Amino acid sequence: MSTPDTRFPIIVKAGSATVKVYRTTKADGYTSYAVPFYQDGRRRVRFFQDLPTAKREALVIARGIASGEGHAAALPAKARLAYARADQLLEPLDVPVEVAVAEYVEARRHLAPTGAGIVVAAQDYARRHGSIVGHKTVAEAVAELLAQIESEQGNTRGGTRRKDAWLALLRYHLGKLARDLRCEVASLNSATLGPWLVGLKVSERTRCNTRAAVAYLLHWCQSRNYLARDVDPMEGVQNFRKRRVGAVTVIGATELSRLLEHAPDDFVAYLALRAFAGLRNCEAARLDWASIDSKEGWIEIPDQAARQSGKDAGVARMVKIRPVLAAWLAPHARKSGPVCPYASPVTMLARVAKTAKVTMPRNALRHSFISAAVTISNDLNAVSIEAGNSPAIIRAHYWRRMRPKAATAWFNVMPAAGSNVIQLAAGA
């Protein structure tokens, strides 16, 4: 005959439901634990050999009663023990069993194409994101980057003109990103950035520049551990063309003459380098007189001058000084110092063009030089090396863009000796 233990029952609660655990000891000394409960209007009792198991079962039954799921108590013994064990494992995380199962199923669904297990995927994610510092929002990261560049400007003696322009571009493009995507940097991905870029109501070239600015920001965030180093949120994001194939517009010798005639003396060298050496704006703007060897007849474009973006290593090269360029540079030549003293040569060029009443398509000076050079030489490879482009680009954009007569006239726009009057070749 068994004798009840007066220290029992133990009451197990779950919400408003309670289940009791009783302890009984038989005459032969055998102890068991009873968990009575009601199911379908009938009183039922389950017996267990140890107290922890009995308490876990009582908790499962109480939770089932509290949630209106009394059928949990009707599970087979093995299933009930598995449920109790799962509930015990999840207790430190404060996650209900049904939530854990739902998340497990969803995770397995996403991982099924890869064949990877959930633990392996979690370990990989933790490895890649474990070093991330804080939770930087896009707006906070943009503000910090711009502040850093501004601070560098205040402590830099040289090269500020380049960074002034770069800072203005970043402020413009990244300002849109910070305004539209109000999330953490670590959450950015191609699914977010791709539609955002496509949705911008801007030109194709501006969209291309915006993409480059965003890529620069993400690279900077990785260097600050705001973003995992081995992920690329831009992977799979569409690339955009700066211009359509063949969409190159040139000007003629007459328009070039008017530009040079109306340009300030300290701006003539910049114009001549772009018109007669085909330098990009960034190259002519950063060029130092020390890189121009008038005696040997060569211009050295260092990689730092040829660099067009933060990740671009630049294309260092040598450019031949043609007689027409030598004539324009001679009156302004110096041993050293910046060739162009203006912080924004593009803005200055627009002012000169307006005064000279010349319509200036973007990069028309470089486009006209390359078109004239390839027309006269018929040598795609030589011109591509001189211009720092590939032969494929030269063929696609500049081949047969200018007729021979116009090309000859371009390289015959010479300054009149001792005056600002421009001399044009006959028939130009």
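Can you run the Rg to Rh ratio on region 328-384? Use alpha carbon positions and the Kirkwood inverse-distance Rh.
Rg/Rh: 1.06.
Where the Cα atoms of region 138-223 are projected onto their three principal axes, how long is each span, largest first, in whole Å?
41, 28, 18
If all Cα-Cα distances of region 253-423 are sorted into 10 Å bins from 0 onward, what percent lands in each bin, rounded to whole numbers?
10, 40, 39, 10, 0
Across region 163-267, how large is the tail of the calculated P(r) beyond 18 Å, expressed as a percent of all Cα pairs?
The proportion of pairs with Cα distances above 18 Å equals 59 percent.
Size of the dipole of region 253-423 about the Cα centre, Lys and Arg at +1 and Asp and Glu at -1 on the beta carbon, nothing else charged, in debye to 20? Don't skip to the end; give the middle numbers.
Details: 22 positive and 13 negative charges, 114 e Å.
Using only the charged Cβ atoms, the result is roughly 540 debye.
With a 10 Å Cβ neighbour count serving as the proxy for reagent exposure, in which order, fewest first, do Lys20, Lys295, Lys354, Lys176 appear?
Ordered from fewest to most neighbouring Cβ atoms within 10 Å, Lys20, Lys295, Lys354, Lys176 come out as Lys295, Lys354, Lys20, Lys176.
How about Lys354: which aspartates and glutamates have a C-alpha closer than 13 Å to its C-alpha, ignoring those fewer than 8 places off in the same chain?
Filter leaves Glu255, Glu261.
Using a Cα-Cα cut-off of under 20 Å, which lysines could be cross-linked to Lys78, ignoring same-chain neighbours fewer than 8 residues away?
By straight Cα distance, Lys78 reaches Lys55.
Mind ordering 359-365, 144-150 by average Cβ neighbours within 10 Å, highest first?
359-365, 144-150
For the residues Met414, Met402, Met234, what sequence is obtained by ranking on other C-beta atoms within 10 Å, fewest first? Display every interim value, and only then the final one.
On the way: Met414 16, Met402 23, Met234 20.
The order, fewest Cβ neighbours first, is Met414, Met234, Met402.
Test of understanding: ordering Thr53, Thr114, Thr210 by Cβ neighbours within 10 Å, fewest first, what list do you get?
Working: Thr53 16, Thr114 9, Thr210 21.
By the 10 Å Cβ count, ascending, the order reads Thr114, Thr53, Thr210.
Would you please name the GluC sites (Glu not before Pro) within region 179-281 that are DSSP coil residues with at most 13 other C-beta atoms within 10 Å of their C-beta?
Here the GluC sites (Glu not before Pro) that fit, given the DSSP loop and packing criteria, are Glu235.
Every number in this text was worked out from the coordinates using simple rules, so none of it is lab data. Model, not experiment: these values are computed from the prediction. Glycine also receives a Cβ, built like all others from the backbone with ideal geometry; neighbour counts cover every protein chain displayed.
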